There are 2 protein chains.
Amino acid sequence: MSLRVLLADDEHLIRGALAALLALEDDLVVVAEAATGPEALAMALAHRPDVAVLDLQMPGADGVSVATSLRDELPGCRVMIVTSHGRPGHLKRALAMGVRAFVPKTVSAQRLAELIRSVHAGNRYVDPELAADAISAGDSPLTEREAEVLELAADGAPVAEIAERASLSQGTVRNYLSSAAIKIGAENRHAAVRLARERGWV
Amino acid sequence: MSLRVLLADDEHLIRGALAALLALEDDLVVVAEAATGPEALAMALAHRPDVAVLDLQMPGADGVSVATSLRDELPGCRVMIVTSHGRPGHLKRALAMGVRAFVPKTVSAQRLAELIRSVHAGNRYVDPELAADAISAGDSPLTEREAEVLELAADGAPVAEIAERASLSQGTVRNYLSSAAIKIGAENRHAAVRLARERGWV
DNA sequence: CTGCCCTTATGACAAATGTCAGAAGCGGAC
DNA sequence: GTCCGCTTCTGACATTTGTCATAAGGGCAG
């Protein structure tokens, strides 16, 4: 009985190539492919794979969202996230959502196949480098509201707009932004946004 | 006589998979692989491929830089850029550097093989969608200095720091940032940076 | 040669932002 | 029950930005 795999990646080139390589392993069979988040979900429900290999960035819904839905709707399916740019925040979020493995695309296909088997056997795996990043980034020092307001500041909106969107007074928004920037150690809110992003705090 | 190809991509998974798929085409042979910009350059000089397939984002030097060097040092080699996230600016820069094709990773391996042959035969190719983006984004309305200063503002640095790094007076920096923001139609420099990025102007 | 645009700069003013002190309500911890 | 931290607000102030007018020098096109 072979191991049924779902592949989801928006890059046709990579998905196809990957499918071809995994097909060389005779205990693995790719039963479905998807190019978008929603499609991945639908495919998973239709084909009930043993392991879902999801790209982190896909149109529609990212890998972590799909993992969340999958956990509820198809609990027997083990989920792996494969990514090119792994931010600590994504890792943390993914792990919280029950994702079993988080691997960078720099691994070889051989290794990926091993990891798929390992995950299917019930093991977990996180790329050591990504794990180190996540640990060194530490926990967010921001309160819930500080993080929320900082996020609204991300696209360079002026305080007035942030205040409106957050239903807060402008003074309050300025206080939050100020304290967030101080906690992060940034010169101003824009640098704070950038640093918080890098550390996976937003 | 088969067509010699160089593959450069920092993602081992993809590079390996791609190499395997291209090997299935009996008129193509992958003579070298590279994971970084400088490595790609060295490999190209050592193996003198007919076509170089470069990823846009690689550690060390991006695909366009490599293409620039290759044009000088190995003029007979046709260069193709393959990318996941194609920004209009990259396309323009790449074309100016003599790149023969600019394709998104959403194409199939089959199609990529066709394009490699086509490029080798002397044709050019640009993904229609990317081309449309580039055209609709239009030309940058920014002067050289405006763009330069805007770039220095990208990480949220205060005016004083930008002024120092650009060796300009603070007043001049504020003038440039102001006019750049006005030309772009942004509320402030931070939003301007974001929009300019999206449109490939920085 | 005369415009015109780019570069660089000043000074001045208005507006936005950052910082601080203080205060009130609310919920959880001890 | 009291204390502490989070949320929310106001008001005041200093600092930073954004905007505008104005100007001088350089380069290029007509």
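The values are calculated or read from the model by the stated rules, or taken from the named source; none is laboratory data. Please read these numbers as outputs of a predicted model, since none were measured by experiment. Every residue, glycine among them, receives a Cβ derived from its backbone with ideal geometry; neighbour counts consider all protein chains shown. The accessibility values were calculated without ligands, DNA or RNA, using every heavy atom of the protein model including side chains. Shrake-Rupley method; radii C 1.70, N 1.55, O 1.52, S 1.80 Å.
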Check region A:141-148 and report whether any residue there is within 14 Å of chain B (Cβ to nearest Cβ) and surrounded by 13 or more Cβ atoms within 10 Å (Cβ to Cβ).
no
Of the residues that sit in region A:154-174 and are of a type in the set (S, T, N, Q) and more than 10 Å from DNA strand C (Cβ to nearest atom), which one is surrounded by the fewest Cβ atoms within 10 Å (Cβ to Cβ)?
A:167
Of the residues B:134, B:101, only one is away from DNA strand C (no atom under 16 Å from the Cβ), touching a residue at least 12 places away in the same chain (Cβ under 8 Å) and over 21 Å from residue B:70 (Cβ atoms); which?
B:134
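Can you tell me which residue in region B:32-48 is nearest to the other protein chains (Cβ to nearest Cβ), limited to those that are in contact with a Lys or Arg (Cβ under 9 Å, 6 or more places away or on another chain) and not in a helix (DSSP H, G or I)?
B:35
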Residues of region B:147-160 being within 15 Å of DNA strand D (Cβ to nearest atom) and either in contact with a Leu (Cβ under 8 Å, 6 or more places away or on another chain) or small (Gly, Ala, Ser) (or both), in sequence order, are B:149, B:150, B:153, B:154, B:156, B:157, B:159, B:160
Search result, residues across region A:94-126 that are out of contact with any strand residue (DSSP E or B) (no Cβ under 8 Å at 6 or more places or on another chain), more than 26 Å from residue B:20 (Cα to Cα) and assigned to a helix (DSSP H, G or I)
A:96
From the option list B:91, B:70, single residue qualifying as open to solvent by less than 60 Å² (accessible area, probe 1.4 Å), touching a residue at least 60 places away in the same chain (Cβ under 8 Å) and assigned to a helix (DSSP H, G or I) is B:91
Take residue B:134 and decide whether it is more than 16 Å from DNA strand D (Cβ to nearest atom), open to solvent by less than 30 Å² (accessible area, probe 1.4 Å) and more than 13 Å from chain A (Cβ to nearest Cβ).
yes
Name the residues in region B:152-174 that are within 13 Å of another protein chain (Cβ to nearest Cβ), assigned to a loop (DSSP other than H, G, I, E, B) and free of Cβ contacts under 8 Å to residues at least 24 places away in the same chain, would you?
B:155, B:157, B:158
Just the residues that are in contact (Cβ under 8 Å) with a residue 24 or more places away in the chain, open to solvent by 40 Å² or more (accessible area, probe 1.4 Å) and within 21 Å of the chain's Cα centre (by Cα), please, taken from region B:1-26.
B:10
Criterion first (open to solvent by 40 Å² or more (accessible area, probe 1.4 Å) and out of contact with any Leu (no Cβ under 6 Å at 6 or more places or on another chain)) does residue A:54 satisfy it?
no
Only one of B:51, B:29, B:64 is in contact (Cβ under 8 Å) with a residue 60 or more places away in the chain and away from every other protein chain (no Cβ under 14 Å). Can you tell me which?
B:51
Any idea which of A:196, A:181, A:191 is more than 10 Å from DNA strand C (Cβ to nearest atom), under 22 Å from residue B:153 (Cα atoms) and outside any loop (DSSP other than H, G, I, E, B)?
A:196
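Evaluate the following for residue A:103: is it more than 14 Å from every other protein chain (Cβ to nearest Cβ) and β-branched (Val, Ile, Thr)? Talk me through it step by step, then tell me what you get.
Details: more than 14 Å from every other protein chain (Cβ to nearest Cβ): no; β-branched (Val, Ile, Thr): yes.
The answer is no for residue A:103.
Take residue B:121 and decide whether it is under 28 Å from residue B:82 (Cα atoms) and either more than 16 Å from DNA strand C (Cβ to nearest atom) or away from every other protein chain (no Cβ under 12 Å) (or both).
When the stated conditions are applied, residue B:121 passes them.
Working carefully through the options B:195, B:177, find the one that is open to solvent by less than 80 Å² (accessible area, probe 1.4 Å), more than 8 Å from DNA strand D (Cβ to nearest atom) and within 13 Å of chain A (Cβ to nearest Cβ).
Criteria check complete, one pass: B:195.
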